[in-house]
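Okay, so here's the structure we're looking at.
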Amino acid sequence: MKTRITELFKIKYPIILSGMSWISTPELVAAVSNAGGMGILATGVLGVEETREYIKRIKELTKKPYAANVTLYFPGAERNAEILIENKVPVVNYALGKGDWIAKEVHKYGGKVIATVTTAKHALAAQRDGADALIVTGHEAAGHGGAVTSMVLIPSIADIVDIPVIAAGGFADGRGLAAALSLGAEGIAMGTRFMNSVESPVHETQKRMSSESDVYDTVYTDKVDGLKARVLNTKGARRLIKKRLNPFSAVIRSKAIADMLGFPWLKLAVGIMFSGFKRSMQMARMAIGFKAFLVGTMNGDNRMGVLPMGQITGIIHDTPTVEQILKNIIAEAKKVKKKLDVTIK
Ligand SMILES: Cc1cc2nc3c(=O)[nH]c(=O)nc-3n(C[C@H](O)[C@H](O)[C@H](O)COP(=O)(O)O)c2cc1C
């Protein structure tokens, strides 16, 4: 397969593993890269030493191109970005922030940069800031998808940028890949599909939940981590949606985030206190959300924990290996093409 995405990253298939905290680990990243796609390491919940170690581990597991992400909204993300640059990670993916300085530094060593966006405004800004490609995430997606569905968002952004677009949110099979290409994208990024794979470290209960869930079983809310996000509609999610918070609790609760990231708590607490009411409330939610995501993802606890999940889970009914997922997607996309060749004459 050949698109600007396969050419840019020197990969066989334009299929990307999304960066998912605790899930997009070196093992899963390498599995996707070794199968001909490209894995993105999630560094959102990693301290700097872990980030260093994980990059080293990926290099042991694959000689193929790989990426790592930084969510610039999270405390400590800049430090992780510096580690990625220091280690000359071939592709750096940033989200939720301004990445012009990242693009500048990554380009110095010949690396490439992907910006993840959910709006046209941010897509144009990322292009101006030097991104080489965009991941455009629609409303269907697990986690922080945009307000507009992929069906509309992908072509609307592909129309206004010159850099190639990777479609995310609602893609899991060959029909999805063919659709994304038709909409003007040149590749797909998938979270929910790869989360439910043999190599995924997510708790087995959650893989089963994903196989059994319907397209109606998710909820889109800003009450879990302070930003609009799609999660599985479980008891744990409903508990957080009902929970009331005050800005002072953000300061107390931020200790958990600071500890997890090896970030100075005092610095984070002072930052929150001076960030205004809205941002403080978001940070309070984020502190709770972090913990709930960890418990949901790794312990498989759907009463206290929360699991990000895309609507596409409704058409996922199995747990194949990563290699099988890629093979199935390519085979199915080719079938779709043949069918369209007959239908559209
Ligand atoms: C279990 C799970 C955990 C995720 N965790 C994160 C995360 O930590 N950070 C992030 O930016 N996106 C996260 N995502 C969202 C993905 O990066 C991606 O945007 C999304 O899964 C794409 O939509 P899809 O699920 O329809 O494939 C997560 C997704 C899933 C399924």
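The values are calculated or read from the model by the stated rules, or taken from the named source; none is laboratory data. Worth saying up front: this structure is predicted, and the values here are computed from it rather than measured. No Cβ is skipped: glycine too gets one built from the backbone with ideal geometry, and neighbour counts run over all protein chains shown.
Among the residues that make up segment 76-92, is at least one of them among the acidic types (Asp, Glu), near the ligand (Cβ under 10 Å from one of its atoms) and over 14 Å from GLY19 (Cβ atoms)? The answer is no; no qualifying residue exists. Considering segment 192-212, the residues that are over 28 Å from ARG253 (Cβ atoms) and surrounded by fewer than 23 Cβ atoms within 10 Å (Cβ to Cβ) include one that is nearest to the ligand (Cβ to nearest atom), namely LYS207.
Filtering segment 24-40 to residues that are closer than 20 Å to VAL295 by Cα and surrounded by 24 or more Cβ atoms within 10 Å (Cβ to Cβ) leaves SER24, LEU28. Filter segment 292-315 down to the residues that are surrounded by fewer than 17 Cβ atoms within 10 Å (Cβ to Cβ) and part of a helix (DSSP H, G or I), then identify the one that is farthest from the ligand (Cβ to nearest atom). Residue satisfying both the conditions and the ranking: ASN299. Is it true that some residue in segment 15-29 is assigned by TED's automatic domain parsing to the domain that holds ALA331, away from the ligand (no atom under 15 Å from the Cβ), part of a loop (DSSP other than H, G, I, E, B) and in contact (Cβ under 8 Å) with a residue 12 or more places away in the chain? Scanning segment 15-29 turns up no residue that is assigned by TED's automatic domain parsing to the domain that holds ALA331, away from the ligand (no atom under 15 Å from the Cβ), part of a loop (DSSP other than H, G, I, E, B) and in contact (Cβ under 8 Å) with a residue 12 or more places away in the chain. Regarding VAL219, is this residue away from the ligand (no atom under 13 Å from the Cβ), within 27 Å of GLY39 (Cα to Cα) and either touching a Phe, Trp or Tyr at 6+ places or on another chain (Cβ under 9 Å) or part of a strand (DSSP E or B) (or both)? Here the answer is yes, as VAL219 does meet what is asked. Counting only helices (runs of 4 or more DSSP H) that sit completely within segment 78-195, those holding 2 or more residues that are at pLDDT 95 or above and under 16 Å from ALA67 (Cβ atoms) correspond to 100-108. Exactly one residue out of GLU60, GLU86, GLU140 is of a type in the set (Asp, Glu) and closer than 30 Å to GLY314 by Cα: that is GLU140.
Regarding segment 70-78, can at least one residue be identified that is closer than 28 Å to ILE154 by Cα and more than 17 Å from the chain's Cα centre (by Cα)? So far as segment 70-78 goes, no, none of its residues is closer than 28 Å to ILE154 by Cα and more than 17 Å from the chain's Cα centre (by Cα). The single residue among ILE85, ILE102 that is of a type in the set (Val, Ile, Thr), touching a residue at least 12 places away in the same chain (Cβ under 8 Å) and buried (at least 20 other Cβ atoms within 10 Å of the Cβ) turns out to be ILE102. Checking LYS121, LYS104, LYS108, LYS98 one by one, the residue that is assigned by TED's automatic domain parsing to the domain that holds ILE160 and within 19 Å of the chain's Cα centre (by Cα) is LYS98 and no other. Restricting attention to segment 136-145, does a residue exist that is within 16 Å of the ligand (Cβ to nearest atom), of a type in the set (Asp, Glu) and surrounded by 18 or more Cβ atoms within 10 Å (Cβ to Cβ)? Yes; the residues of segment 136-145 include at least one that is within 16 Å of the ligand (Cβ to nearest atom), of a type in the set (Asp, Glu) and surrounded by 18 or more Cβ atoms within 10 Å (Cβ to Cβ). Condition test on THR51, is it in the same structural domain as ILE135 (by TED's automatic domain parsing), away from the ligand (no atom under 16 Å from the Cβ) and among the β-branched types (Val, Ile, Thr)? Here the answer is no, as THR51 does not meet what is asked. Within segment 30-47, being farther than 18 Å from VAL202 by Cα and not in a helix (DSSP H, G or I) holds for ALA35, GLY36, GLY37, MET38, GLY47.
In this structure, VAL91 qualifies as surrounded by 21 or more Cβ atoms within 10 Å (Cβ to Cβ), among the hydrophobic types (A, V, I, L, M, F, W, C) and within 14 Å of ILE40 (Cα to Cα).
Being buried (at least 17 other Cβ atoms within 10 Å of the Cβ), touching a His at 6+ places or on another chain (Cβ under 6 Å) and modelled with pLDDT under 95 is a condition met by no residue of segment 256-275.
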